[in-house]
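Asks: Structure below; questions to follow.
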Amino acid sequence: MKTIKVMTAVLLGFFSIITVGCSKELGIQKLSKDQEYRATVEKLFIFIPEDPGYYIMQGGYFDGEKFYVAMIKKDSQGYELTKIHVLDKKGKIIKVSDILELDHANNITYNSKKKMFLVSHCQSPDDHYYRYSLVDPDTFEIIETADLPKPFFAMAYSEGRDMYASGEWAGETLDIWDGDLNLVKSVSVEAPGSLSQGVYCDDEYIYFVRSSQNGYQAEIRVYDFDCNLVWAIPLDVPDGVEPENINIVKGKTYIMGNDWKNGCGVVYVVHFEEVSK
């Protein structure tokens, strides 16, 4: 395989840090549509949680300066409780929210028009598969909670389009919504074998990060807004690592996740290689 200059992607976890330098590379938005790719990882740093109760990472958002990470734990009835942790770019904790009722908090996206986070609840013992909440990013107050007519494991906002994109269940259906969350279209796509995780949108593409399951490898699946698959990029991560969410800032792609084998979160830089046809 021939290595090309591409992008730096970060797989992020919890809260104690070991760092390694990285070089500038081309972002995922600049990959060729006619080329197949494979992603390999280089570990940058790991995180250890301060509160051992809230050690499971789910949704996350990066604004270029701060990481907002949903950390959850389950109570005795199986309900999930969420605390959003705010980290600086070196992994230092800046702020932690109070306990929030956001269920699985599977994805966090920022609506710049409303100046709110939209959090995908994803699942709960009460079947909140259709539910989202709008959360103030400064105070963490839950401003609105409502259900949509379609289920979604993760939803992301495109600022340039003023639209949302989401995935249903195992990823076999993609839904496009306007900025007021009115359904625009629902499109059936090939069901991936990998496990549904987080999503990010820019003005051109919809990026799903998916973890391994049942012999299927972790991957990044990229669609256009007509819901055509552009790339399915295998993502090589060590055994026990579960990618959880994805963000792209200034051409760099950040993926946050859990390292179950070592009991921590982990940060990788991801390198893309051309796959010979």
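The values are calculated or read from the model by the stated rules, or taken from the named source; none is laboratory data. Bear in mind the structure is a predicted one, so any value in this text is a computation, not a measurement. In this analysis, Cβ positions are derived from the backbone assuming ideal geometry, glycine residues included, and neighbour counts consider all displayed protein chains.
Asks: Can you spot a residue in the range 257-268 that is within 13 Å of the chain's Cα centre (by Cα), over 19 Å from Tyr164 (Cα atoms) and at pLDDT below 90? First the steps, then the outcome.
Replies: We begin by selecting, within the range 257-268, every residue within 13 Å of the chain's Cα centre (by Cα); these are 257-258.
If we keep only those that are over 19 Å from Tyr164 (Cα atoms) too, we end up with 257-258.
Among the residues that remain, those that are also at pLDDT below 90 are: 257.
The answer is yes; a qualifying residue exists.
Asks: Can I ask one more? Residues Tyr157, Tyr130, Tyr164: which one is in contact with a Pro (Cβ under 7 Å, 6 or more places away or on another chain) and farther than 22 Å from Gln217 by Cβ?
Replies: Working: Tyr157 fails: in contact with a Pro (Cβ under 7 Å, 6 or more places away or on another chain); Tyr164 fails: in contact with a Pro (Cβ under 7 Å, 6 or more places away or on another chain).
So the residue among Tyr157, Tyr130, Tyr164 that is in contact with a Pro (Cβ under 7 Å, 6 or more places away or on another chain) and farther than 22 Å from Gln217 by Cβ is Tyr130.
Asks: Continuing with the same structure: Scan the range 36-78 for residues that are small (Gly, Ala, Ser), surrounded by fewer than 21 Cβ atoms within 10 Å (Cβ to Cβ) and within 19 Å of Tyr157 (Cα to Cα) and jot them down. Even if it seems obvious, please write down each step before you answer.
Replies: In the first step, residues of the range 36-78 are kept if they are small (Gly, Ala, Ser); the result is 39, 53, 59-60, 64, 70, 76, 78.
Among the residues that remain, those that are also surrounded by fewer than 21 Cβ atoms within 10 Å (Cβ to Cβ) are: 53, 64, 76, 78.
Residue satisfying the conditions is Gly64 alone.
Asks: When only residues in the range 242-262 that are of a type in the set (Val, Ile, Thr) and surrounded by fewer than 24 Cβ atoms within 10 Å (Cβ to Cβ) count, which is nearest to Val119 (Cα to Cα)? Before the answer, list the steps.
Replies: Initially, the range 242-262 is screened for residues of a type in the set (Val, Ile, Thr), giving 246, 248-249, 253, 255.
So of that shortlist, the ones also surrounded by fewer than 24 Cβ atoms within 10 Å (Cβ to Cβ) come out as 248-249.
On the way: Ile248: 17, Val249: 19 Å.
Here the answer is Ile248.
Asks: Consider Ala165 carefully, then state whether it is out of contact with any helix residue (DSSP H, G or I) (no Cβ under 7 Å at 6 or more places or on another chain), touching a residue at least 60 places away in the same chain (Cβ under 8 Å) and either assigned to a strand (DSSP E or B) or within 30 Å of Asn262 (Cα to Cα) (or both).
Replies: Numbers: out of contact with any helix residue (DSSP H, G or I) (no Cβ under 7 Å at 6 or more places or on another chain): yes; touching a residue at least 60 places away in the same chain (Cβ under 8 Å): yes; either assigned to a strand (DSSP E or B) or within 30 Å of Asn262 (Cα to Cα) (or both): yes.
So Ala165 passes the test.
Asks: Follow-up. Just for the range 128-153: of the residues that are over 22 Å from His85 (Cα atoms) and hydroxyl-bearing (Ser, Thr, Tyr), which one is surrounded by the most Cβ atoms within 10 Å (Cβ to Cβ)?
Replies: Within the range 128-153, the first condition is being over 22 Å from His85 (Cα atoms), and the residues that meet it are 128-130, 146-152.
After this cut, where a residue has to be hydroxyl-bearing (Ser, Thr, Tyr) as well, the list is 129-130.
Details: Tyr129: 20, Tyr130: 14.
Looking at the filtered set, the residue picked out is Tyr129.
Asks: Give the residues of the range 242-269 that are assigned to a strand (DSSP E or B) and touching a helix residue (DSSP H, G or I) at 6+ places or on another chain (Cβ under 8 Å), sorted by residue number.
Replies: Listed by number, the residues that qualify are Ile248, Thr253.
Asks: Could I ask something else about it? Need the failing condition index for Thr139 against (1) more than 30 Å from Gln77 (Cα to Cα); (2) without any contact (Cβ under 8 Å) to a residue 24 or more places away in the chain; (3) not in a strand (DSSP E or B), just the number.
Replies: Only one criterion in (1) more than 30 Å from Gln77 (Cα to Cα); (2) without any contact (Cβ under 8 Å) to a residue 24 or more places away in the chain; (3) not in a strand (DSSP E or B) is unmet by Thr139, namely (1).
Asks: Now for a separate question. Where residues in the range 206-243 are among the charged types (D, E, K, R) and at pLDDT 95 or above, which of them is farthest from Arg161 (Cα to Cα)?
Replies: Taking the range 206-243 as the starting set, the residues that turn out to be among the charged types (D, E, K, R) are 210, 219, 221, 224, 226, 236, 239, 242.
Checking the rest, the ones that are also at pLDDT 95 or above come to 210, 219, 221, 224, 226, 242.
Working: Arg210: 24, Glu219: 25, Arg221: 20, Asp224: 12, Asp226: 13, Glu242: 30 Å.
That would be Glu242.
Asks: Next question. Hey, among Val230, Val266, Val249, Val270, which residue is closer than 14 Å to Met57 by Cα and in contact (Cβ under 8 Å) with a residue 12 or more places away in the chain? Quick ask: steps written out before the conclusion?
Replies: Working: Val230 fails: closer than 14 Å to Met57 by Cα; Val249 fails: closer than 14 Å to Met57 by Cα; Val270 fails: closer than 14 Å to Met57 by Cα.
It is Val266.
Asks: Before we move on, is Ala156 surrounded by fewer than 16 Cβ atoms within 10 Å (Cβ to Cβ) and of a type in the set (A, V, I, L, M, F, W, C)? Step through it out loud before you land on a result.
Replies: Numbers: surrounded by fewer than 16 Cβ atoms within 10 Å (Cβ to Cβ): no; of a type in the set (A, V, I, L, M, F, W, C): yes.
No: the conditions fail for Ala156.
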